[in-house]
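Structure, as structure tokens:
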Amino acid sequence: MPAPSLDPLDLYDVRSLLSEEERMVQDTVGRFVDEKVLPIIGDCFDQSRFPVELIPDIAGLGLLGATIPEEYGGAGMNGVSYGLICQELERGDSGLRSFASVQSSLCMYPIFAYGSEEQKREYLPRMSAGEVIGCFGLTEPHGGSDPANMKTHAKKAGDDWVINGAKMWITNGNLAHIAVVWAQTDDGIRGFVVPTTTPGFKAQEIHKKMSLRASVTSALFFDDVRVPASAMLPGVKGLKGPLGCLNQARYGITWGPIGAAQACLKEALAYTAERVLFGRPLAANQSIQVKLADMARRITTAQLLSLQLGRLKDAGRLRPTQVSLAKWNNCRMAIDVARQCRDILGGAGITTEHSALRHALNLESVITYEGTQTVHELVVGRELTGINAF
Ligand code: TGC
Ligand code: FAD
């Protein structure tokens, strides 16, 4: 009997390394993406619209705060399941994965890890239910790669804090009910949970984007924003607070682009099988097969990197340098694959009828946010040499 053929999107059967529960998570999110996301996402990108109507489904599936313990309203999943959620959502669109990453890793995680018991009880269950949406303000207009040079500051005024400054490129900014904001104080960098209805807070949506069009991106302004002492996250001080959140989000982002690349390869395989040029299917050309094989090789490598990263995370052994290596590799892999697929689709590849260019354009942001490729290369370089080249 001939051996069953390999899954072109999973040549090493990485799925067989998943537990039954992890496979169930992947299948559930995959079905949601196939049924609810793929039919609308090209139009959302075209119309520069985040599909807010999907938020109740995303929350209902337990995708917001998936790793947060159930006592705070989360789904209590492991890190690999969270990674698979990111992978499947980004198979739909990076904008959806961004939405879930920011809510889960950048807003719920710091409240869970650094927040008071009251903050956890007040926010986490409602954030998990999708009733309270968060955004994360770290980047400032003068230079995101170097967050230590932070100008936004919070000053004590009696028992309150008064925040002044600006943040730039903030995902979910105009959707958010709360902003997790990082600000300089006399005592170092501190995090604050700021309701977006607080007087002096303003979110201004950034338009004319050519990337992540199905996502809300905003500038935030703080003009004497006064919050009570209870708004400060008591459990962390210094840059390690926001960098600890980034570690969580970057881990998820190593998985996301795998989904985007798989979507592109799937599309290119179907297209090259059907498209007949010079009397034979495109797929019958050596140069096309070499390109497709190279994409499969790179996707497989990325899958194995992320899975091992997830196993290290779940064993409590994850190191930031390991996350940097995979974030750099997997974003680079996916953007190269998406661009290559767009080329193979010819003219058909330039509209939203196909997904390759949408993914390629989105990945221009994904390779930049959460630390640019250069930042992650330098983190790995520092680990190897012991010399800080920033
Ligand atoms: P350094 O000053 O040496 O360290 C400060 C403290 O932080 C600790 N640390 C980390 N902790 C946890 N995770 C990490 N990845 C950490 N990296 C450093 C460090 O141990 C130290 O702790 P302590 O106790 O000694 O105070 O800082 P550094 O030299 O390591 O950092 C330099 C650099 C360039 C790596 C860092 O500034 C950096 O990562 N820059 C990039 C900034 C960035 O990624 N911004 C992202 C903004 S958020 C975003 O893009 C969201 S998009 C989301 C979406 O839509 O999906
Ligand atoms: P810069 O830091 O100015 O970098 C410019 C260039 O210089 C890059 O190529 C970089 O690699 C290079 N560079 C930097 N340092 C060095 C060096 N030492 N040596 C050589 N080259 C170097 N931020 C948030 O806080 N919250 C969010 O929710 C969020 N969402 C985002 C959503 C989108 C769509 C985008 C595009 C960005 C988002 N960001 C967010 C901001 C993002 O994290 C920053 O864009 C990113 O960290 C880079 O900062 P920058 O854009 O200021 O570029």
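For the stretch 97-133, a residue qualifies if it is of a type in the set (Ser, Thr, Tyr) and in a helix (DSSP H, G or I), and the qualifying residues are SER98, SER101, SER104, SER105, TYR109, TYR114, TYR123, SER128. ALA176 fails exactly one of the following numbered conditions: (1) part of a loop (DSSP other than H, G, I, E, B); (2) loosely packed, with under 15 Cβ neighbours inside 10 Å. What is the number of that condition? So the condition that ALA176 fails would be (2).
Among residues of the stretch 362-375 that are closer than 20 Å to ALA263 by Cβ and in the same structural domain as LYS327 (by TED's automatic domain parsing), those with a Cβ under 6 angstrom from a residue that is more than 8 Å from ligand 1 (Cβ to nearest atom) and assigned to a loop (DSSP other than H, G, I, E, B), sequence gap 6+ or separate chain, pair up as ASN362/SER211; GLU364/SER211; SER365/SER211. For the stretch 20-46, taking the residues that are in contact (Cβ under 8 Å) with a residue 24 or more places away in the chain and surrounded by fewer than 17 Cβ atoms within 10 Å (Cβ to Cβ), the one that is farthest from GLU353 (Cα to Cα) is identified as GLU21.
Of the residues making up the stretch 202-253, those that are more than 12 Å from ligand 1 (Cβ to nearest atom) and touching a Lys or Arg at 6+ places or on another chain (Cβ under 6 Å) are LEU220, PHE221, MET232. The residue that is surrounded by the most Cβ atoms within 10 Å (Cβ to Cβ), among those in the stretch 262-283 that are touching a strand residue (DSSP E or B) at 6+ places or on another chain (Cβ under 9 Å) and part of a helix (DSSP H, G or I), is GLN262.
A search for C-beta distances below 8 Å between a residue of the stretch 136-150 that is in contact (Cβ under 8 Å) with a residue 40 or more places away in the chain and any residue that is near ligand 1 (Cβ under 6 Å from one of its atoms) and assigned to a strand (DSSP E or B), counting only pairs 6+ apart in sequence or on different chains, returns PHE136/THR171. For the stretch 298-317, the criterion of being within 16 Å of ligand 2 (Cβ to nearest atom) and within 20 Å of the chain's Cα centre (by Cα) is satisfied by no residue at all. Being over 20 Å from ASP224 (Cα atoms) and surrounded by fewer than 16 Cβ atoms within 10 Å (Cβ to Cβ) is true for just one of GLY115, GLY143, GLY134. Which residue is that? Every option except GLY143 fails the conditions. Of all residues in the stretch 121-162, those being among the β-branched types (Val, Ile, Thr) and within 16 Å of ligand 2 (Cβ to nearest atom) number 3.
Here's the yes/no breakdown for (1) aromatic (Phe, Trp, Tyr); (2) closer than 30 Å to ARG319 by Cβ; (3) part of a strand (DSSP E or B):
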{"residue": "ALA203", "(1), (2), (3)": "no, no, yes"}
{"residue": "LEU212", "(1), (2), (3)": "no, yes, no"}
{"residue": "PHE221", "(1), (2), (3)": "yes, no, yes"}
{"residue": "GLY238", "(1), (2), (3)": "no, yes, no"}
{"residue": "LEU246", "(1), (2), (3)": "no, yes, no"}
{"residue": "ALA260", "(1), (2), (3)": "no, yes, no"}
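The residue list ALA326, ALA283 contains one member that is more than 16 Å from ligand 1 (Cβ to nearest atom) and in contact with a Ser or Thr (Cβ under 6 Å, 6 or more places away or on another chain), which is ALA283.
Here is a yes/no grid of residues against (1) more than 18 Å from LEU89 (Cα to Cα); (2) buried (at least 22 other Cβ atoms within 10 Å of the Cβ); (3) within 16 Å of ligand 1 (Cβ to nearest atom); (4) at pLDDT below 95:
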| position | (1), (2), (3), (4) |
| --- | --- |
| ASP294 | yes, no, no, no |
| GLN303 | no, yes, no, no |
| LEU309 | yes, yes, yes, no |
| CYS341 | yes, yes, no, no |
| GLY347 | yes, no, no, no |
| SER355 | no, yes, no, no |
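Kindly establish whether THR197 is out of contact with any strand residue (DSSP E or B) (no Cβ under 8 Å at 6 or more places or on another chain) and either outside any helix (DSSP H, G or I) or not assigned by TED's automatic domain parsing to the domain that holds GLU370 (or both). Answer is yes for this residue. Here the stretch 146-168 is the region considered, the condition is being touching a His at 6+ places or on another chain (Cβ under 8 Å) and part of a loop (DSSP other than H, G, I, E, B), and the residue that is surrounded by the fewest Cβ atoms within 10 Å (Cβ to Cβ) is ASN149. Helices (runs of 4 or more DSSP H) fully within the stretch 299-386 that include at least 2 residues being of a type outside the set (Lys, Arg) and under 30 Å from ALA283 (Cα atoms): 320-344, 356-366.
Would you check if there is a residue in the stretch 153-166 being more than 24 Å from THR372 (Cβ to Cβ), out of contact with any strand residue (DSSP E or B) (no Cβ under 9 Å at 6 or more places or on another chain) and among the small types (Gly, Ala, Ser)? Yes. The residues in the stretch 108-144 that are among the hydroxyl-bearing types (Ser, Thr, Tyr) and farther than 21 Å from GLY95 by Cα can be counted, and the count is 3.
The values are calculated or read from the model by the stated rules, or taken from the named source; none is laboratory data. Note that the structure is a prediction, hence the values are computed from the model and not measured. Glycine gets a Cβ as well: all are built from the backbone with ideal geometry, and neighbour counts include every protein chain shown.
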